[in-house]
Amino acid sequence: MRICRFDGDRFGLVEGNDVRDVTSAFASLSQQSYPFPRTDQMIANLATLRPAIEAAARNAPVLALDSLKLLSPIANPGKIVAAPVNYKKHLDEARGDAEIHHQNQVGEIQRVGLFLKATSSVVGCGEGVAMRHMDRRNDHEIELAVVIGETADRVSHDDALNYVAGYCIGLDMTIRGPEERSLRKSVDTFTVLGPYFVTADEIGDPAGLDLELTVDGEKRQLANTRDLILDVKTLISWASSFYTLHPGDVILTGTPEGVGPVLPGNTIRATIARIGTMEVAVRQLPPR
Ligand code: MN
């Protein structure tokens, strides 16, 4: 199943370019009171939502996916866990380019660990990326985004995929420079998730997925998730050894080689096999 969120918080079941508006199926999620749970309620209730979505789709009007303003399919991720330098060729690239490493020691992921991005940085592909700090280099990073489906506390490597609800394409947008990653990568709009959420049963094994990113048609990144240093299972197992993962938490699995700068006016096109393609416009945030 492929679920998008669009326009004013409407939800759609995606089949090719057809979107069936199934917002009515989400009505049962609104019966919450303060303090609201820090989990994404669509993902936490996916098992009961799926039949409701299928039922709602039967009589739903059909919209065109490419006519919708797509928001992040995960509305309320509790945390965004991210893997630094998790492809060998990107590690080599980062160590070899002063504009990327900025005199920071670029260590192996096994030594550096994982980092967190602010949830306030999350947008959908229809919202685009808004650059600020125009004097700095702002880079694209395509990454497979894993959406956690079940509460995961110290899960084993072999069990890890049982905790996955599904996947999306992720962009881990980055200001290059000497500061902590969590600052440089948490700019508003710097975590793009989209174009929609794909349930795990449609993907199967997340190893072996081609990723491709172009900027204004120019090929920048082309890789395959089989070249991840720490694969999806290892990332889930390792992350959950430190903190409990909750439904709707997102793991950005790291970017391959070919990172590079974007400028206002550029269009980023990101594709991951078996998920789809999203286009993301880059603009400059107007001054206050
Ligand atoms: Mn990254």
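Some notes on this structure:
- Computed on the Cα atoms alone, the convex hull of the stretch 170-209 gives a volume of 106 cubic angstrom per residue.
- If R0 equals 22 Å, the separation of the Cβ atoms of Thr48 and Thr244 corresponds to a calculated FRET efficiency of about 0.50.
- P(r) weight above 16 Å for the stretch 139-180, C-alpha pairs, percent: 54
- Per residue accessible area in Å² of the chain, where ligands, DNA and RNA are left out and the probe is 1.4 Å: 44
- D_trans [Stokes-Einstein, Kirkwood Rh over alpha-carbon pairs] for the chain, 37 °C, 0.692 mPa s, µm² s⁻¹: 172
- Between the stretch 155-227 and the stretch 59-124, the alpha-carbon centres lie 6 Å apart.
- Equivalent ellipsoid dimensions for the stretch 2-71 as semi-axes, Å, which come from the Cα gyration tensor, largest first: 22, 14, 10
- Within the listed set Ser121, Ser33, Ser241, the Gaussian network model of the chain (springs between alpha-carbon atoms below 10 Å) gives the highest mean-square fluctuation for Ser33.
- Gain in span if fully extended, Ser33 to Asp18, counting 0.36 nm per residue against the direct Cα distance: 2.0 nm
- Globularity ratio of the stretch 213-288, using Cα Rg and 2.2 N^0.38 Å: 1.39
- Heavy-atom surface analysis with a 1.4 Å probe gives the chain a carbon and sulfur content of 48 percent of its accessible area.
- Spin-label pair Asp201-Lys88: with each label point 7 Å from Cα along the Cα-Cβ axis, the two points sit 3.7 nm from one another.
- Selected from Asn138, Asn104, Asn224 as most flexible by GNM, with the chain as the system and alpha-carbon contacts under 10 Å: Asn104
The values are calculated or read from the model by the stated rules, or taken from the named source; none is laboratory data. Everything quoted here is computed from the prediction, not taken from an experiment. Glycine gets a Cβ as well: all are built from the backbone with ideal geometry, and neighbour counts include every protein chain shown. Just so you know, the surface numbers come from the protein's heavy atoms only, side chains and all, with ligands and any DNA or RNA stripped out. Shrake-Rupley method; radii C 1.70, N 1.55, O 1.52, S 1.80 Å.
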